[in-house]
Amino acid sequence: MKTTTIYNGDKMIYEHNGRYDDFCCSCGLCHTILVKIKGKVAYLEVFRNDHLTAKQRAKKKRNRRKK
């Protein structure tokens, strides 16, 4: 599993089959993306990941308090 943070205008390149977790940079929303590549066709399944979203937002909140 690979985790990345997506910024406005970033290109997303998935080179391998598998699971990717992408976080939004501003709101911390997480989506889990399942990638299946068959020949020249890529199949993507995208789901909102509520567990990782809550974890990421709590982490951002803690970091704001430290400053």
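Remarks
- Flag for residue 66 being basic (Lys, Arg), at pLDDT 75 or above and over 13 Å from the mean Cα position of the chain (by Cα): no
- Pick from segment 14-41, criterion small (Gly, Ala, Ser) and modelled with pLDDT of 85 or more, ranking: surrounded by the most Cβ atoms within 10 Å (Cβ to Cβ): 18
- Selection from segment 42-67 of residues that are within 17 Å of residue 12 (Cβ to Cβ), surrounded by fewer than 14 Cβ atoms within 10 Å (Cβ to Cβ) and of a type outside the set (A, V, I, L, M, F, W, C): 43, 45, 48
The values are calculated or read from the model by the stated rules, or taken from the named source; none is laboratory data. Quantities reported herein were computed from a predicted structural model and do not represent experimental measurements. Virtual Cβ from ideal backbone geometry, glycine too; neighbours counted across all protein chains shown.
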